[in-house]
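Enquirer: Just passing along the structure, written as structure tokens.
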Amino acid sequence: MNRFISLFSGAGGLDIGFIRAGWMPLLFTDSWKPATDTLIKNHPKIPTINKDIKDIPNDFFSKFKDIDIIIGGPPCQPFSRLNQNQLFEDGSETEINMNDPRRSLFMEFLRVVSLVKPKSMLIENVADLATRKLGAKDKDILIKDVIIDEMEKAGYKTRCFLINSVNYNVPQKRKRIFFIGIRNDLEITPTLPDTVEIKTSVIRELKKIQITNPNQRKKNHSSAWIEKAKLIPQGGYYNNLPIEYKKLKEVDSVFIREAVIQKGYCIKMGDKYYEGKLPDVFETQLHIGSGNYKCYKIMPRMGTYFRRIKEDISHTITRNPLIHPNKDREMTVREKACIQTFPVNYEFCGSVSDQHILVGNAVPVNLGEYFAKHIGEVLKLV
């Protein structure tokens, strides 16, 4: 049986995929307690460490022998575009510009790899890492190329793949990047598992849920919230709401110029609301200070708060609130986890907010399973 170690395990979505594919987990690690509590709750027999990986010494990992793969998703915060191009006046980098993966937790992942020397390794991360650059003095260097270079320096033939989870029987459009490295002495070039026809859907996954399943607590909403939610169609968004539901406060009429309402504002004339260019009939009726209309500031967007998921394929599941496809309420943690293809009895720990983060950051289980099966088949050749 193939054996694996999981670093930066999070909620364990990738790990469940490997377990389903017949792999044996030897260790889970994560520095966030809600994550390790979740792993311990669902995998009580697997050693789980709740520590910053930097604080786990070399001699602990050195005892692992004959490991087939090390998997994980080092946090992507150091790679954030918000951290780029931050320099002191003399051109040196500020502390905030620590987005170089060679200075990040990615290198801690490679530290463990160098100690254990597994046959292969798999790193998962955000899709736009494929186009992000280091910034600052190295502004033209792609982060993905640095990661590949460092994995190859560690002794692994490496390739990266940009994938969409919907191509691996996940009812969700979720793009991610995977780096696969196979130890040089095995003389194998990493490849991508074949895509498959989707056999599930959002509604099919949701129908699996029973009232007794964990993390199915539903949120209570105000009547005003429900009234707005009812106006959002499947797959819709905040922009589907009529203007009157977006207005924030009355403002001065200076935001109207030559019968054109500036972006972010609307006017009410009679019982109707208008934004953008007004119909010609109103041009002569608009008299500043005449009192025959009112001007309001409107909220142009509201994140994903009023977005609704379709019954077939979902957009990317995140930590943010999402509206149920055919019910006027927010989706529960359990429902979002089902779209991530977690088992219905898999329990997420921590506060409700923590649980949403765990689910939103997870690798879809079905996606992990296809990668695990493929890598297992490749390693059988050696």
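Enquirer: With a cut-off of at least 3 residues that are more than 30 Å from K63 (Cα to Cα), name the strands (runs of 3 or more DSSP E) lying wholly within the range 104-223.
Expert: Numbers: elements: 120-126, 133-135, 138-142, 156-164, 175-183.
Counting at least 3 such residues, we get 133-135, 138-142, 156-164, 175-183.
Enquirer: When the residues of the range 8-46 are filtered to those that are part of a loop (DSSP other than H, G, I, E, B) and within 22 Å of the chain's Cα centre (by Cα), which remaining residue is surrounded by the fewest Cβ atoms within 10 Å (Cβ to Cβ)? It would help to see each step written out before you state the result.
Expert: Within the range 8-46, the subset part of a loop (DSSP other than H, G, I, E, B) is 8-12, 21-23, 31-32, 43-46.
From what is left, the residues that are within 22 Å of the chain's Cα centre (by Cα) are 8-12, 31-32.
Working: F8: 23, S9: 28, G10: 26, A11: 29, G12: 30, S31: 17, W32: 20.
Within the range 8-46, the match that is surrounded by the fewest Cβ atoms within 10 Å (Cβ to Cβ) is S31.
Enquirer: Among the residues that make up the range 171-193, is at least one of them β-branched (V, I, T), surrounded by 11 or more Cβ atoms within 10 Å (Cβ to Cβ), in contact with a Ser or Thr (Cβ under 6 Å, 6 or more places away or on another chain) and on the phi < 0 side of the Ramachandran plot?
Expert: yes
Enquirer: What's the total number of residues in the range 199-214 that are among the basic types (K, R) and either without any contact (Cβ under 8 Å) to a residue 24 or more places away in the chain or buried (at least 17 other Cβ atoms within 10 Å of the Cβ) (or both)? Write out each step before concluding.
Expert: First, the residues of the range 199-214 that are among the basic types (K, R): 199, 204, 207-208.
Applying the additional criterion that residues be either without any contact (Cβ under 8 Å) to a residue 24 or more places away in the chain or buried (at least 17 other Cβ atoms within 10 Å of the Cβ) (or both) yields 207.
Total satisfying the criteria: 1.
Enquirer: Among the residues of the range 137-187, how many are out of contact with any Asp or Glu (no Cβ under 9 Å at 6 or more places or on another chain), closer than 21 Å to G368 by Cβ and small (G, A, S)?
Expert: 1
Enquirer: Filter the range 293-332 down to the residues that are assigned to a loop (DSSP other than H, G, I, E, B) and polar (S, T, N, Q), then identify the one that is farthest from the chain's Cα centre (by Cα). Steps first, please.
Expert: Within the range 293-332, the first condition is being assigned to a loop (DSSP other than H, G, I, E, B), and the residues that meet it are 293, 299-301, 303, 305-307, 309-313, 315-322, 324-329, 331-332.
Subset that is polar (S, T, N, Q): 316, 318, 320, 326, 332.
On the way: T316: 7, T318: 5, N320: 10, N326: 23, T332: 17 Å.
Selected residue: N326.
Enquirer: Report yes if some residue within the range 317-329 is of a type in the set (D, E) and either closer than 18 Å to F18 by Cβ or buried (at least 19 other Cβ atoms within 10 Å of the Cβ) (or both); otherwise report no. Can you show your working first?
Expert: Taking the range 317-329 and keeping what is of a type in the set (D, E), we get 328.
Narrowing further to those that are either closer than 18 Å to F18 by Cβ or buried (at least 19 other Cβ atoms within 10 Å of the Cβ) (or both): none.
The answer is no; no qualifying residue exists.
Enquirer: Answer with yes or no whether L115 is over 17 Å from V363 (Cα atoms) and crowded, with 22+ Cβ neighbours inside 10 Å. Let's see the steps before the verdict.
Expert: On the way: over 17 Å from V363 (Cα atoms): yes; crowded, with 22+ Cβ neighbours inside 10 Å: no.
The answer is no for L115.
Enquirer: While we're on this one: Name the residues in the range 215-235 that are of a type outside the set (A, V, I, L, M), buried (at least 17 other Cβ atoms within 10 Å of the Cβ) and under 27 Å from V170 (Cα atoms), would you?
Expert: Across the range 215-235, the qualifying residue is only N215.
Enquirer: Also, quick follow-up: For the range 248-270, name all the residues that are farther than 12 Å from I298 by Cα and hydroxyl-bearing (S, T, Y).
Expert: Residue satisfying the conditions is S253 alone.
No value in this document is a laboratory result; all are computed from the given coordinates. What you see is a predicted model; the values in this text were computed from it and never measured. Every residue, glycine as well, gets a Cβ built from its backbone with ideal geometry; the counts of neighbours run over all protein chains shown.
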